[in-house]
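Sending over a structure as structure tokens; questions will come in a sec.
Please treat every number below as a calculation from the coordinates, not as lab data. Since the structure is predicted, the reported quantities are computational estimates derived from the model, not experimental observations. All Cβ positions, even for glycine, are placed from backbone atoms using ideal geometry, and neighbour counts span all protein chains on display.
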Amino acid sequence: MNFHVLTLFPDMIRDGMNTSIIGRAMAGGFLDIEAVNIRDYAFNKHQKVDDYPYGGGAGMLMQAEPVYLAYESVEKKIGYQPRVIYLTPQGKVFNQEMAKDFAEEKDLVFLCGHYEGIDERVLEEIVTDYVSIGDYVLTGGELPAMVMMDSISRMVPGVLTNQESGETESFSGSLLEYPQYSRPEIWHEKKVPPVLLSGHHANVEAWRREQSIYRTARWRPDLLKKADLSNKEWNQIRQ
Ligand code: ADE
């Protein structure tokens, strides 16, 4: 999977993505992250990329041409028109299902805005997907792009080891993850739940599922609608 990030702050992307699992996946050749500096495509005297909005109003807008040329450099390099994600609070709110869908692509372009936004005309011309990472406003699209790249990368074959692989994790089946414990058996007078020490695999699995259901009911009841619960399980949480 190749990510191409169009940004005014390429170091933020390079520094932010080069550690831990994503860093390992890049070193192993499973992922490539290219940060394209939009300013390199501003061919005026001071490499200016922003200007005042027509009609007035607060702040500056990123101009269409440098954004377009930065995009075009990616299109020329890969030889086809990729999906282009514009990070904006006005977009569709990102979720696990969208991460899976984006992970099918060979290349993905992220367009990171700054200031008060980007000239609408270049958005119309290149953007295929408008995505928000939640209902709050950030100063730029770089952090949202990194959030998306992180979660999309986890779906790319080879990025996670078998052990890390996310089959039982939160959201894989619309239930939150069950609590986990490691050594020692007693810490601050708190004991590990005895069933986990029993060696009885079926009981452990049953306990974990029950915990997942309780947690979801308590913290994210909105997720239960999508969860695949038996009648007995529904009755248990209604009590
Ligand atoms: N840019 C600024 N805020 C954002 C958000 N919540 N999601 C995506 N892009 C953004």
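With each label point set 7 Å from Cα along the Cα-Cβ vector, what nm distance links ARG14 and LYS77?
With each label point 7 Å from Cα toward Cβ, the separation is 1.2 nm.
Now a separate question. Let me make sure I get this right: for the range 186-238, a, b and c are the square roots of the gyration tensor eigenvalues over alpha carbons, sorted descending. Under 1.5 in a/c it's rounded, otherwise prolate if a/b > b/c, else oblate. Which is it? Let's see the in-between values first.
Details: a/c = 3.11, a/b = 1.68, b/c = 1.85.
Here the range 186-238 falls in the oblate category.
Kindly put VAL49, VAL195, VAL159, VAL137 in sequence by how many other C-beta atoms sit within 10 Å of each C-beta, fewest to most.
So the ranking, lowest neighbour count to highest, is VAL137, VAL195, VAL159, VAL49.
Nearest 10 degrees is fine. How inclined is helix 64-78 to the longest principal axis of the chain, computing both from alpha carbons?
Helix 64-78 sits at roughly 70 degrees to that axis.
Can you compute 3J(HN,Hα) from phi for each residue in the range 182-198, using the Karplus curve 6.51 cos²θ - 1.76 cosθ + 1.60 with θ = phi - 60°, rounded to whole Hz and x for Gly and Pro?
Result, ordered by residue: 10, 5, x, 5, 10, 9, 6, 6, 9, 9, 5, x, x, 4, 6, 9, 6 Hz.
Still on this structure: Helix-derived [θ] at 222 nm for the chain: sum -39500 (n - 2.57) over DSSP H runs of at least 4, divide by residue count, nearest 500?
-10500 deg cm²/dmol
Could you go through the range 119-136 in sequence order and give the Karplus-derived ³J(HN,Hα) for each residue, using 6.51 cos²θ - 1.76 cosθ + 1.60 with θ = phi - 60°, rounded to whole Hz, and x for Gly and Pro?
So the J values, rounded to whole Hz, are 3, 4, 5, 6, 4, 4, 7, 10, 7, 9, 9, 9, 10, 10, 9, x, 8, 7.
Hand me the trypsin sites (Lys or Arg not before Pro) from the range 183-239 located in a DSSP loop with no more than 14 other Cβ atoms within 10 Å, in residue order please.
For trypsin sites (Lys or Arg not before Pro) across the range 183-239 that sit outside H, G, I, E and B with at most 14 neighbouring Cβ atoms in 10 Å, the list reads LYS225, LYS226.
Out of residues 5 or more away from GLU34 or on other chains, whose amide H comes under 5 Å of its own, with H placed 1.01 Å from N in the peptide plane?
Here PHE3, HIS4, VAL5 satisfy the definition.
In the range 110-127, which residues have a backbone nitrogen under 12 Å from the label point lying 7 Å from VAL137's Cα in the Cα-to-Cβ direction?
115-117
Name the long-range amide H neighbours of ARG83: under 5 Å, sequence gap of 5 or more, or other chain; modelled H, no Pro or chain starts.
Hits under the 5 Å cutoff: VAL109.
Going down the list LYS100/LYS226; LYS48/LYS77; LYS100/LYS190; LYS45/LYS76; LYS92/LYS225, which pairs span over 27 Å between their C-alpha atoms?
LYS100/LYS190
So if R0 is 30 Å, what FRET efficiency would ARG209 and GLU124 give, r being the distance between their Cβ atoms, rounded to the nearest 0.05?
Working from the Cβ atoms, E equals 0.05.
Can I ask one more? Quick one: helix 201-219 against the long Cα principal axis of the chain, what's the angle to the nearest 10°, folded into 0 to 90?
It is inclined by approximately 50 degrees.
What is the set of long-range amide H partners of GLY141 at a cut-off below 5 Å, with H atoms built 1.01 Å from backbone N?
Amide H to amide H, under 5 Å and 5 or more residues apart or across chains, GLY141 pairs with GLY113.
Could you order the peptides 2-11, 120-129 from most to least packed, using the average number of other C-beta atoms within 10 Å per residue? Walk me through the numbers on the way to the answer.
Values: 2-11: 21.8, 120-129: 15.4.
Peptide ranking by packing, descending: 2-11, 120-129.
As an exercise, identify the chymotrypsin sites (Phe, Trp or Tyr not before Pro) in the range 38-114 lying in DSSP coil whose Cβ has no more than 10 other Cβ atoms within 10 Å. Don't jump to the answer; show the numbers that get you there.
Values: sites: TYR41, PHE43, TYR54, TYR68, TYR71, TYR80, TYR86, PHE94, PHE102, PHE110; in loops: PHE43, TYR54, TYR80, PHE94.
Those satisfying the criteria are PHE43, TYR54, TYR80.
When Lys and Arg each count +1 and Asp and Glu each count -1, what net charge do the other residues less than 15 Å away from PRO89, Cβ to Cβ, add up to?
In short, -3.
Still on this structure, I have one more. Got a sec to turn the phi values of the range 15-23 into Karplus ³J(HN,Hα) couplings, 6.51 cos²θ - 1.76 cosθ + 1.60 with θ = phi - 60°, whole Hz, x for Gly and Pro?
5, x, 9, 9, 10, 6, 5, 5, x
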